[in-house]
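Every number here is computed from the coordinates shown, using simple stated rules; none is lab data. Since the model is a prediction, treat every value here as computed from it, not as a measurement. Ideal geometry is used to build each Cβ from the backbone, glycine not excepted, and the neighbour counts take in all protein chains shown.
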Amino acid sequence: MTIDPAWRDFAALWGAGLSTLLVLAKLLPSRPRFHLEPGDRPSSDLTLRIINPAKNMRLVRELFRYQLGGSQKALGIYTRKTPLHLAGVPGSLLVVIKGEEQKEVSINCIINQDQTENNRWLVCFGWQGQWIIPVWFPVPIYISTKRAGRLNAAL
């Protein structure tokens, strides 16, 4: 027995796949946008602006961080309301963003005075939208001291 697919079979598969994608796009909540901007201090800080375009609230949390290079082990990620003892602790950041609003998260890339070394991290934030889908969707952000210096020098 041989299978001889006709154009109708391909059209049926295409229609089923397309309708599945359209239903999933409606069910998945709209994704927050993450933008890196220059920070408060000229050479060491970055600001991560998280914009929620949806009408519903979003939770954003730091899932993990991985150091890609450099000797500095500390990276400060905090908001204005973060307690001081939790500013550099991995996984301690949890931000609630109301519908159609934005929040700023400060990132301190250089703790020590050695600004010539390129310290690099991959920080993975997760966001969660509605209670229907209780999954944290990951968003990786690349952070480096060279990038922070370039962004702040552009001012």
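For this structure, a couple of remarks:
- Counting lysine pairs in segment 31-153 that sit 8 or more residues apart in sequence, or on different chains, and whose Cα atoms lie under 20 Å apart gives 5.
- Pairwise label distance in nanometres, residue 96 with residue 54, each label 7 Å out on the Cα-Cβ vector: 1.6
- Going by neighbour counts of Cβ atoms within 10 Å, the residues 55, 98 line up, fewest first, as 55, 98.
- Within the chain: Cβ-based charge dipole about Cα centre, in debye rounded to nearest 20 (Lys, Arg +1; Asp, Glu -1): 280
- In the chain, the longest principal axis of the Cα atoms and the axis of helix 7-27 are about 40 degrees apart.
- For the chain, Kirkwood radius (reciprocal of mean inverse C-alpha pair distance, Å): 17.9
- Ranked by the mean number of other Cβ atoms within 10 Å of their residues, highest first, the peptides 14-23, 146-155, 45-54 fall in the order 45-54, 146-155, 14-23.
- FRET efficiency for the pair residue 35 and residue 12, taken as 1/(1 + (r/R0)^6) with r the Cβ-Cβ distance and R0 = 41 Å, rounds to 0.45.
- Only helices enter the 222 nm calculation for the chain: every DSSP H run of n ≥ 4 contributes -39,500 (n - 2.57), and dividing by all residues gives -6500 deg cm²/dmol, rounded to 500.
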